[in-house]
Amino acid sequence: MGDVELLHDAGLRVTAARMAILHTVRSGDHLDVDAIYRGVRERVGHVSLQAIYDGLHAMHGAGLLNRIEPMGSPARYEARVGDNHHHLVCRACGKVADVDCATGEAPCLDPVDAAGFRVDEADVIYWGACPECLSRSN
């Protein structure tokens with residue numbers, strides 16, 4: 001399915017900025033808003049930062065993009081959605097990498113006491129040092 005159909009099926013207006021946001025997020029690696037803004041401007045020229053925020057908000061709300069918010073880092077966006085995967089974050093450089101679900105089936109982790117909730121998703125972030133930072137510290 002193409003991006004035009006993807007946006008239409010999600011009930012969103014198709015604009016050059018939204019098409020460029022999707023392309024930029026897909027071609028990036030857990031990009032923050034500033035990186036997405038620069039990528040969209042390279043593709044379509046002038047676009048307001050507010051249009052980027054609005055587009056990201058709409059696409060995240062429609063389930064087309066995933067938003068992660070590692071502690072101490074700006075929100076990051078990715079196009080990998082619908083599989084309840086988790087993330088690895090480097091404490092030194094902030095690099096983010098995907099990691100598949102801890103036990104395979106969503107929600108991946110069962111709380112000791114769900115307090116009456118029906119859990120359908122787990123949001124897990126593993127913290128450590130990426131291979132590049134590890135090699136620099138040796």
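All of the numbers you see were taken from the coordinates with simple rules; none came from a lab. Here the structure is a predicted model, which means the values were calculated and not measured. As a convention, Cβ positions derive from the backbone with ideal geometry for all residues, glycine included, and neighbour counts pool all protein chains shown.
So if each residue of separation counts as 0.36 nm, and I subtract the Cα-Cα distance between A114 and D9, what length gain in nm does that give?
Length gained between A114 and D9: 34.4 nm.
Quickly rank 16-29, 66-79, 120-133 as a protection proxy: mean count of other C-beta atoms within 10 Å, highest first.
Averaged packing, sorted descending, gives the order 16-29, 66-79, 120-133.
D100 to S137: FRET efficiency via 1/(1 + (r/R0)^6), r the Cβ-Cβ distance, R0 22 Å, to the nearest 0.05?
Calculated value: 0.25.
Taking θ as phi - 60°, what are the ³J(HN,Hα) couplings along segment 28-36 by the Karplus curve (6.51, -1.76, 1.60), each to the nearest whole Hz, with x for Gly and Pro?
Karplus-based 3J(HN,Hα) across segment 28-36 equals x, 9, 6, 6, 8, 4, 4, 5, 5 Hz.
Taking H placed 1.01 Å from N in the peptide plane, check which residues at least 5 places from H85 or on another chain put their amide H under 5 Å from its amide H.
Here the answer is none, since no amide H 5 or more places off falls under 5 Å of that of H85.
Please label the shape of segment 3-76 as rounded, prolate or oblate, based on the square roots a ≥ b ≥ c of the eigenvalues of the alpha-carbon gyration tensor (a/c under 1.5 means rounded; beyond that, a/b larger than b/c means prolate, else oblate).
Oblate, because a/c is 1.5 or more while a/b does not exceed b/c.
How much FRET efficiency would the formula 1/(1 + (r/R0)^6) give for S73 and R26, where r is the Cβ-Cβ distance and R0 is 30 Å, rounded to 0.05?
Plugging the Cβ-Cβ distance into 1/(1 + (r/R0)^6) gives 0.90.
Where nothing but the Cβ of Lys and Arg (+1) and of Asp and Glu (-1) is charged, how large is the charge dipole of the chain around its Cα centre, in debye to the nearest 20?
Charge dipole, the chain, about its Cα centre: 660 debye, nearest 20.
Size of the dipole of segment 83-137 about the Cα centre, Lys and Arg at +1 and Asp and Glu at -1 on the beta carbon, nothing else charged, in debye to 20?
460 debye
Around M19, with a cut-off of 9 angstrom between Cβ atoms, what is the net charge of the other residues, counting Lys and Arg +1 and Asp and Glu -1?
+1
Give me the percent of DSSP beta bridges within the chain that run antiparallel, rounded to the nearest 5.
70 percent
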